[in-house]
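K.L.:
Next up is a structure, given as structure tokens.
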Amino acid sequence: MVADVVNLAEQEFDEAVADALDDVPAELLDLMNNVVFLVEDEPPRDGPELLGVYDGTPLTERNGGWAAGALPDRITIFRGPTLRLCATRAQVRDEVAVTVVHEIAHHFGIDDSRLHELGWD
């Protein structure tokens, strides 16, 4: 871990997440179904120091009756752990972009081991 924490205002961090989403190809975003993106300061206390998390049912596991009354899947990016990991604003923006892609991949059913093989960890 880096000793100095990058001090980024909430709005600036939110903009980094929005910019990361803007960089995702529109064709890919169009394939996403029933997903909301959130930013929170910290992951749950009982969990690891997560940068982001996908909470939902991957597209590969949905069946014909899945959508009936289903709440949106959630992709949450955590500000605190990201800022503690990075030493510069540029690193924060890069890490946010990687985390957004990583969590979107989970929505499409791509697990951590496959993401590791592809170099997205």
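K.L.:
Relative contact order for the chain using alpha-carbon pairs under 8 Å, separation at least 6, rounded to a whole percent?
P.N.:
After rounding, I find 37 percent.
K.L.:
What order do Glu117, Glu95 take when sorted by accessible area (1.4 Å probe), most exposed first?
P.N.:
Descending order: Glu117, Glu95.
K.L.:
Which whole-Hz ³J(HN,Hα) couplings does the range 32-48 yield from phi under the Karplus relation 6.51 cos²θ - 1.76 cosθ + 1.60, θ = phi - 60°, glycine and proline marked x?
P.N.:
Each residue's phi maps through the Karplus curve to give 6, 10, 6, 10, 10, 9, 10, 10, 10, 5, 9, x, x, 4, 7, x, x Hz.
K.L.:
To the nearest 20 debye, what charge dipole does the chain have about its Cα centre, counting +1 at the Cβ of each Lys and Arg and -1 at the Cβ of each Asp and Glu?
P.N.:
180
K.L.:
Taking the 0 to 90 degree range and rounding to the nearest ten, how far is the long axis of helix 10-23 tilted relative to the main principal axis of the chain, both from C-alpha atoms?
P.N.:
That works out to roughly 50 degrees.
K.L.:
Any chance you could list P(r) for the range 14-55, counting all Cα-Cα pairs in 5 angstrom bins from zero, rounded to whole %?
P.N.:
5, 16, 25, 24, 16, 10, 4, 0
K.L.:
Turning to a different aspect of this structure: In a solvent-free Debye calculation with one equal scatterer on each Cα, what is log10 I(q)/I(0) for the chain at q = 0.10, 0.12, 0.20 Å⁻¹, listed in the order of the q values?
P.N.:
Computed log10 I(q)/I(0) values: -0.32, -0.45, -1.18.
K.L.:
So how do 27-37, 6-16 stack up, highest first, on mean other-Cβ count within 10 Å?
P.N.:
In descending order of packing, they fall as 6-16, 27-37.
K.L.:
If I stretch the segment between Met32 and Arg84 completely, what's the gain in nm (0.36 nm per residue apart, minus their alpha carbon distance), one decimal?
P.N.:
Extra length from Met32 to Arg84 when fully extended: 15.7 nm.
The values are calculated or read from the model by the stated rules, or taken from the named source; none is laboratory data. It should be emphasised that the depicted structure is a prediction, and the values quoted were computed from it without experimental measurement. Ideal geometry is used to build each Cβ from the backbone, glycine not excepted, and the neighbour counts take in all protein chains shown. Calculation scope for accessible area: heavy atoms of the full protein, side chains included, ligands and nucleic acids excluded. Shrake-Rupley method; radii C 1.70, N 1.55, O 1.52, S 1.80 Å.
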